[in-house]
Each structure stands twice: as structure tokens, then as C-alpha cells.
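Scroll down for the structure; my scribbles are underneath it.
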């Protein structure tokens, strides 16, 4: 990847963060209108996005964001009131900018008709009337108001600029000390190919539009040390601007505007106007390639760019520094061990063991730090769903307040990617089925405004995510009737929470009398359950009629590193995650009670817990090993408590889990495998899956 591509990837990653911050600020402003830190945060994010897109040459994007910045400036100066339609428009603008950024990443231009329509809407909020009023106010109070000047600065430095000890980026930074660089366009047309590039020469020039109260002489002083030897031209273009809007841009075609800004040459414009076609269309018309091949390549490029952006991570530099230090310590200790082994004959054995133990300790910390790089807070995920609630409630004329708690809880990035869609389904379900209309809530003695709470917390080695609403709750009678109709339940069967999850998550199950945009097709909760189980998680539902519903997702903290107890049974190694273990003791036959042929319970800490043999669960039983183990490991998944019998319990172990799906297939009750220190393989148990297998089997046997 060359330097330009790396710069673009950094831009795309930072842009997503800026858009997320903008969305978050808009939701806060809607809840508490007025100037304040949220408005300033929004202004900074939009301004940074505008400058960044100009620096990498995305001028159309930069120009549009500049108009939004002007609108925000009017809000900040109390010239435009904050209303719900305005916030809705700006939220839509965030989505539109995200679409434009995706287009830039894929090499596609935004549709000019759509762009012009958005600009027209934006200009209606800016308002010609507002511009005229602001102009009159400025004229009437010129003694108090600042006089803003706009300067167009053409920076065309010589190639040997670096030889004189000057940095062009520092010069640009000096400009920001006397004003605001509202537009920066970089001209990279003189860049040679990588092999011909001299890294001590400058090939880039810039065009800057500076907004400032400084005089032209003060601006020229910024370049006093370079202006005599380099081509620097400063033009006063203040007359072209009203309220920060460049009036000239709206009066000329796009191509002419790009030529004036130095983005393209007149020859480029003429060539483009003559063709008026994309590259693929031209090649197809000339018979160089068929349409299917072009479409296939475009799809492959889009997929490649999407996957690259999805798999990239922005990591705190402190975490990287820590890893570098640990890697250095590992190297030092390895050298010491090597030296000790060379002169092993003259050395006590305990000194070698001491050095190896030190090395293992550093390696364990190294593994933990590597796993920590994958961990991200749920703040961004929760805030995205806050936006979904807001828009869905607005469409359905419902009043909903969102509460966020535990947003700094961290989860593996891969797990976050998996649960994004399931969480979206649950959020929409709460809005559509859970929260009632304001008049219905008031009639039921509730506040007109409903509440949806997003909550996250860690318990042991699991992350719990809850979505709670104070709505109607699930209609258990209606669910029971529907389950009877389609044969999912029997007349006398009790509908407890466990059975409720099985029924409403069954493919095609729905009690909705009509299909809406959000729900009613009977696929949502089935998708949720399937996706959660794919990451080794569990979904629980608690509901109370008239009071609301709580959806709880129990998820693994990380895919990368698991602390587990190493056990052996029937000659096989298993790793039991420590988060679920509540006790380990030698098996005592006198504590066992047997029911039927295979059902056993074991008395542990004053209660009888179901007992299982691993070899029965995983079908590894033969006639000679149909016996009980010698060690009992007691588990608590948060839902059930039970024990497993094994032959021996060894030491705790930190395992880097490897999935088996890519080389084999998904196995219920198995979350993956790992290689032990002696080179043998061990199965890592999925306790939630193991619990489901055991209790479902027991229930079927009872029935």
C-alpha cells in the first residue's frame, strides 16, 4: 500500500468517528436545545471533516460539508432556532455524508441531481432572508461586529523547499493562528511514480481560502521567510462571501467551479464533457470488455474496500507501546534462557526453571495485551441505536426517551460486529411492539413518554447486554394461542421464560396482524437468536404485561483469550472456562441420588444439582467406559447450576481459542480448540451450549 492509500484509509477511519460524534451531538442538542458544548463538539467535527476531505482531494464532499458548517454557524450565532425538523434534516445529512464518503471510497461520484436537491434543502434552512437580515445587522452595528476577510492563497513552493529547513504543513498551521482555513485543496498532479520519487523534494502545491479578521499585510507576514523565493499569490475575495457562503459557486457549473479551484485543468473538463461517461461504459462501448466483466470487477472492488475498512482497527498508541516493551522483554529473557541452556552443565536446575517461569509470566501478559487491542467500548454501538429509536419513534408518532448505562463496557470487536444486527432487531421490536402511543400510555396511567434503556455490564468472563422497555410487555395469552395454532405448544404445557424464547424465536412465528416496516414477518427474533448463538452467546427474555420487557444477551468477553481449567476425561483434554466454575471436588458416591436409568443429582453446598458425564454428552461412550469420573466440576451459567464428571482436574490455563468451523463444522457445546504446551489438542467447552444440550436431553427423556 503506497503513502496516498494509507492517508486515505486514515481519512476514512477518522471520518466514521467524526460522523458518529456528529450524530451523538445532534441527539444531545435535540434533548437540550441551545448553544453549549454539544453544539461546539458538532461544529468541530464538521469543520474537521470539511478540512480533511479537502486535504485528500474530495472537493465535492468538502464543499457540501462547508454549507453545513455555515448552517451550524447560524445556529451558534442564534440566527436559526433549533427545531425537531432541523435536527431531523441534519441527521439525514449525516447519513448523506456517510453515503458520499462510501462513494469516495469506491471511486464513485454522488448523483448530481441528489446532491443538488440536498443543497436546495440546505439553502432553504440557510434562507436568503436570513442572509439579508444578517447583512443589515452587520451594517447597523459595524462598530461592534468583526470585519471578516476572505483570502484565496495559492501556495506553489519550489521543489527544494525542504533544503531551506521549511515545512509546508507548519506554514499551513501558522495560517490557522490568524484565521480559519475554510477550504484547503491539495494539487498532487506533479507527484511522480513511487520509484522516481525523491523524498527530499516537494511535489505538492496547495490552494487555501482563509477566513480571518487580519489584513492582507498580516497574512503576507506569515510567508515573510519564503515569499521571495517561492510563488505565493494572495487575493482578497471578501466580496464573494456573505454569511460564509461563496456566492460564486452557486452561479457556475460544477466543472467550471473545479477549474477555478485548481482541482482540474480546462483540458480535463473538456475531455470529461466530451465523453460524459464512466470508464467502464466507455470500454464497453468500444468493445474492449463485456458489461458483466465490468460489473463483476466493480462488485469485487467494493467488497474488497468494504472488508478492508471493516477489518481495520484504530488502536490507542499506549497499547502499542506496551506491546513493544513486552516484546523486548520476551526477547531479552529468551536470550538469557538460551545462554543458560548453553552452559547447563554448570548451572543449578532451579535457576533455569526460574528464568523460564519469568518468560512464561511475560508471555501471559503479552497475550492479555494482544487480546486487549481487540476490545472496544459499547458506547458507539449504543449511540447508533439511540438514533434508530429516535427516528422510529418519530415515524410512529411515539414519545421515547433513551437511557444509556454501562457504555464504557468493553467487548471484542468481532463480537460487536456479530451482534449489531441482532441488537437492531431488538430495538425495533421494542419501538414497534413494546412502547405504546402517548394517548394509550396516559389512559393506562403511565407517562406519555416511554423509556428504552440500553444497559451493559460484565459478570465473570461474560458480558451482559440488556434492552429494557416500559411498554406493554409481551401478550403471553396471544403467544400461547398462536403457538397452539401452529403446533409449537400443547394445551397443558406451561409457558415459562425458557419456553417463551423457543416459541417466539421459532422461524416464521409472529402474532402481528399486519406487516409494518419494522416487524411482522416472523423473521426478526429468529435471526437474533441464531446470530447470538453463533458467537457462543445466549438470549433471555423477561416480560410482564403492562410493565415492559427485558431482552438480555449473554456474550463471551472475547474470542481471543480464555482462562480455563484443564481437565481430562476418557483420555481426552478439555478446557472449562473459569467464569462458570463455582467449585471442584472429589466425587463422593454417597452424595448421589438417581432417578430413572441415567438421571443423577449430586448434593453440593446444601442443594442437589443435576450431574452429567461428558462422554455421554459428546457420544464418545463405549461399553467399557460407562462409568463415573473421579472429579466433579460444578458450574453456574447464570441460568442453570449443574456438575460434570471428569477423570482428573489439572492446572488453570490461559488459552488462545481457535475456531473449528473453518476446517470442520460448528459443534454445539464446543466453542473452539487450542494447542496445549505439550503439543496436544484440547477442546474448549461452550458452557451455555453444554447446558442447552444436557437440559433439553433431560426434558425429552422425562416427556
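Just grab the label-to-label distance for residue 603 and residue 420, each label 7 Å out from Cα along the Cβ direction, in nm (one decimal).
Rounded to a tenth, the inter-label distance reads 5.4 nm.
What ranking, highest mean first, results for peptides 43-50, 684-691 when packing means the other Cβ atoms within 10 Å averaged over each residue?
684-691, 43-50
Residue 667 to residue 593: FRET efficiency via 1/(1 + (r/R0)^6), r the Cβ-Cβ distance, R0 41 Å, to the nearest 0.05?
0.85
Give, in nm to one decimal, the length gained when the segment between residue 330 and residue 124 is fully stretched (0.36 nm per residue of separation minus the Cα-Cα distance).
Extra length from residue 330 to residue 124 when fully extended: 67.9 nm.
Over what distance in Å are the Cα centres of region 9-63 and region 149-219 separated?
24
Using a Förster distance of 56 Å, how high is the FRET efficiency between residue 407 and residue 586, based on the Cβ-Cβ distance and rounded to 0.05?
That gives a FRET efficiency of 0.80.
Order of 12-18, 236-242 by packing, highest average Cβ count within 10 Å first?
Values: 12-18: 17.0, 236-242: 13.9.
Top to bottom by mean Cβ count within 10 Å: 12-18, 236-242.
Any chance you could run the full-extension gain for residue 236 through residue 164? It's 0.36 nm times the residue separation minus the Cα-Cα distance, nm to one decimal.
Value of the extension gain: 23.1 nm.
Could you check the spin-label model distance between residue 542 and residue 373? Points 7 Å from the Cα along Cα→Cβ, value in nm.
Simple spin-label model gives 3.9 nm for this pair.
At 0.36 nm per residue, and after removing the present C-alpha to C-alpha distance, how many nm does the segment from residue 229 to residue 578 gain when stretched out fully?
Contour length minus the Cα-Cα distance gives 118.6 nm.
When 442, 389 are ordered from fewest to most other Cβ atoms inside 10 Å of their Cβ, what list results?
442, 389
Grab the beta carbon distance between residue 285 and residue 485, set R0 = 51 Å, and tell me the FRET efficiency rounded to 0.05.
According to the calculation, E is roughly 0.30.
Every number here is computed from the coordinates shown, using simple stated rules; none is lab data. All values reported here derive from a predicted model rather than from experimental measurement. For neighbour counting, all protein chains shown are included, and Cβ atoms are generated from backbone atoms with ideal geometry for every residue, glycine included.
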